[in-house]
Amino acid sequence: MIWVLAFIGLSLSLILTFYSANIMKKAGIVGKDIHKLDKPEIPEMGGIAILISLSVVLTPVLTGNLSTVLLVFLLFGVVGIIDDLTNLRQSHKVLLSLLISLPLLSLKVSSGLNLLLFTINLKTLYYLFAVLFVTASANLVNMLAGFNGLEVGTSAIALLFLGLITSGDARALAFVGFAVALGFLWWNKYPAKVFPGDTGTLSLGALIGLVGILGKVEIFAAILLVPHMIDFLLKTKIKFKGRPLGRTEILEDGTLKAPPYLSFLGLIMRAKRVKEYELVAIVWAIEAILGFVVLLLHQSL
């Protein structure tokens, strides 16, 4: 049944992403692909296709917990739409993320938190943890972004490995999410024909956290977000105000020049001269390695 849902999600995402890209282009909702020499205009807010595809596919199999999780996922998409249209401040984005995660307080899940070597029973505090965890997951994925296929590809890999270590509703959510992300990635990979916008990145980031909570694999979801956490920690030094300091530049030979501040992607660019698709491939490879680490750790428990 899960594989049927995943196939439908993949097919629907492929079709709706193409459709939404055309609609956004006609509406003038576009952004410059700044890591190309000619800086073409690309349709934005394509993440709407992700929201619709996942919701349509999962609706026939909704349970109490899955309904709550899907609601939160969609609400993150709404915040993403608002952000894409109005360019919210990062602090406002976080506050709204906390607010829309509150439905998780009604989830019926174990209050135990597995930390590999031992488990902590947080009791009622677990639900506060769930709200913070999903908020963090969404915003971390939203921050490590900006290159063709980067955020959608890493999210797809994370969801694939989470699906392999979970069961029940969490597995269905992860695998359908993976399939939907894969369908979108077909159009978003280098050279991108559509951008997910914050509509897509916030909702996919939230989805990783939601699978972690629903499947009780929080620590493994956190491991898969290590690159994003490193990026976050590095950017705290500039108080997340990278744009005024300068952006990643593209040189005449197509290689990238790191921005004048530290970031996870900047570290890779400083270590090796790469083109955009090479940079993204390296990050995908790192994410896949983390996925296999998760598999090994999960099997050893």
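Those helices (runs of 4 or more DSSP H) of the range 197-294 in which 1 or more residues are farther than 23 Å from Thr166 by Cβ occupy 197-214, 226-235, 264-271.
Yes/no per residue for (1) in a helix (DSSP H, G or I); (2) farther than 23 Å from Gly47 by Cβ; (3) at pLDDT below 95:
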| residue | (1), (2), (3) |
| --- | --- |
| Tyr127 | yes, yes, no |
| Thr135 | yes, no, no |
| Ala138 | yes, no, no |
| Val141 | yes, no, no |
| Gly146 | no, no, yes |
| Glu151 | yes, no, no |
| Ser155 | yes, no, no |
| Leu160 | yes, no, no |
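Scanning the range 34-64 for residues that are surrounded by fewer than 20 Cβ atoms within 10 Å (Cβ to Cβ) and either without any contact (Cβ under 8 Å) to a residue 12 or more places away in the chain or not aliphatic (A, V, I, L, M) (or both) yields Lys36, Asp38, Lys39, Pro40, Glu41, Ser55, Thr59, Pro60, Leu62, Thr63, Gly64.
Condition test on Leu173, is it closer than 17 Å to Leu10 by Cβ and either part of a helix (DSSP H, G or I) or at pLDDT below 95 (or both)? Step through it out loud before you land on a result.
On the way: closer than 17 Å to Leu10 by Cβ: yes; either part of a helix (DSSP H, G or I) or at pLDDT below 95 (or both): yes.
So Leu173 fits the description; yes.
For the range 53-70, indicate whether the set of residues that are in contact with a Ser or Thr (Cβ under 6 Å, 6 or more places away or on another chain) and either under 20 Å from Gly31 (Cα atoms) or outside any helix (DSSP H, G or I) (or both) is non-empty. The answer is no; no qualifying residue exists.
Scanning the range 244-296 for residues that are surrounded by 16 or more Cβ atoms within 10 Å (Cβ to Cβ), without any contact (Cβ under 8 Å) to a residue 60 or more places away in the chain and under 14 Å from Gly146 (Cβ atoms) returns Ala258, Pro259, Ser263, Gly266, Ile268, Met269. Residues that are surrounded by 22 or more Cβ atoms within 10 Å (Cβ to Cβ) and in a helix (DSSP H, G or I) within the range 94-110 comprise Ser97, Ile100, Leu104, listed in sequence order. Sub-8 Å Cβ pairs linking a first residue in the range 1-24 that is assigned to a helix (DSSP H, G or I) to a second residue that is crowded, with 17+ Cβ neighbours inside 10 Å and of a type in the set (S, T, N, Q), at least 6 apart or interchain, are Gly9/Ser53; Leu12/Ser53; Ser13/Ser53; Leu16/Ser53; Thr17/Asn188, ordered by first then second residue.
The values are calculated or read from the model by the stated rules, or taken from the named source; none is laboratory data. Values in this document were obtained by computation on a predicted structure and should not be read as measured data. FYI the Cβ positions are ideal-geometry reconstructions off the backbone, even for glycines, and counts take in every protein chain you see.
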